[in-house]
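Enquirer: For reference, the structure I am asking about is given below.
The values are calculated or read from the model by the stated rules, or taken from the named source; none is laboratory data. Nothing here was measured: the structure is a model prediction, and the numbers come from that model. Reconstructed Cβ throughout: ideal geometry from the backbone, glycine too, with neighbour counts over all protein chains shown.
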Amino acid sequence: MWSSRSGVVKLAIAIIIGLTLLKIAVGVMTGSLSILAQALDSFLDLFAVGVTFLAMHIAVKPADWEHPFGHGKVEYIAAIAQAVFIFGAGGGVIYSAVLRIAGEAEVAMTEAGMGVMLVSIIASVFLSRRLLKVSRELDSAALQANAHNIATDVYSAAAVLVGLLAVRLTGLSIIDPIIAIIVALLILKVAYDVLKRAFGGLIDVKLPEEEERIIRECITEHFGELVGFHELRTRKSGNQRYADLHVVMPRGTSVEDAHRLCDHLEEDIARKLRHTSMTIHVEPCGSECAQCPVTCGPDGHARP
């Protein structure tokens, strides 16, 4: 039930709505700005999950005539919109905290605040782990970003919990807006990370080194049939990977044999890296036979 794309998103929405309403109620009741900052953080999580769900619905559409490379980059555009919104919200919390410090407002009923923070920590740990598990199974960058985003709520909620405990023990209400500023800075850090990942996808940052290593290994396994390769380029759009490269074939290789080997390479790479689309350009070898890993016969064909 919670292992599908839509199922885990519905679970996230239900949990986050509950936490947001609970934090708002307790924040207003206690007068704690740090709890209200946590409520804002949870609302941002809800906004992020909603935008992610909409973006993923568009991103999974197959390629069409106008979008031959698919719609995967919609996820990155949605992430940028989230980041801009989060930056503004974080700045608003800091502004309110500064005003609260100047006004010296009191915080009451700290026990209720500590209770709701404890509930938030438990719920955030459960939800972030579930989202991360499903994101890995579906290879979804958007769900993975949401998982890491919600995981940060654990640390910010823990900071609020410690701050409320300090207010309870010392009676110094000024601790509350200071903790709110710390939470806001964590919110801004999340926004920065989301923005960085999104721009990386829009400007076609290459695949991680581990994934490029898998592609290289798949090719080098066939060095008895091909001479070498170069010009490897990779990128990612949503959960779809793209790679293109040049492979060098023995000069006497037929078009049919070259095509067969390229098909085999594409299938091998796609089996080890899901959702990978390959473009392979075939070139004949030069005359550097002394450095060539292929043994050719008099006709120029590779010997088995």
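Enquirer: Out of (1) modelled with pLDDT of 85 or more; (2) among the charged types (D, E, K, R); (3) under 30 Å from residue 16 (Cβ atoms), what's the single condition that is false for residue 209?
Expert: (3)
Enquirer: When you scan segment 135-158, how many residues do you find that are surrounded by 22 or more Cβ atoms within 10 Å (Cβ to Cβ) and of a type in the set (Val, Ile, Thr)?
Expert: Total meeting the criteria: 1.
Enquirer: Can you tell me which residue in segment 133-143 is modelled with the highest pLDDT, limited to those that are under 17 Å from residue 50 (Cα atoms) and aliphatic (A, V, I, L, M)? Lay out the reasoning, then the answer.
Expert: Taking segment 133-143 first, the residues under 17 Å from residue 50 (Cα atoms) are 134-135, 140-143.
When the remaining residues are screened for being aliphatic (A, V, I, L, M), the result is 134, 141-143.
Values: 134: 84, 141: 66, 142: 68, 143: 75.
My answer is 134.
Enquirer: Mind listing whichever residues of segment 1-14 are at pLDDT 80 or above and in contact with an Asp or Glu (Cβ under 9 Å, 6 or more places away or on another chain)?
Expert: 12
Enquirer: Quick one: residue 208 ticks every box in (1) closer than 23 Å to residue 77 by Cα; (2) in contact with a helix residue (DSSP H, G or I) (Cβ under 8 Å, 6 or more places away or on another chain) bar one, so which box is it?
Expert: Result: residue 208 passes all but (2).
Enquirer: List the helices (runs of 4 or more DSSP H) inside segment 101-219, counting only whole elements, that have at least 1 residues being among the aromatic types (Phe, Trp, Tyr) and at positive phi. Please lay out each step first, then the result.
Expert: Numbers: elements: 110-138, 141-170, 175-202.
Output list is empty.
Enquirer: Name every residue in segment 226-246 that is over 20 Å from the mean Cα position of the chain (by Cα), surrounded by fewer than 20 Cβ atoms within 10 Å (Cβ to Cβ) and in contact (Cβ under 8 Å) with a residue 60 or more places away in the chain, in order of residue number.
Expert: Result: 228, single match.
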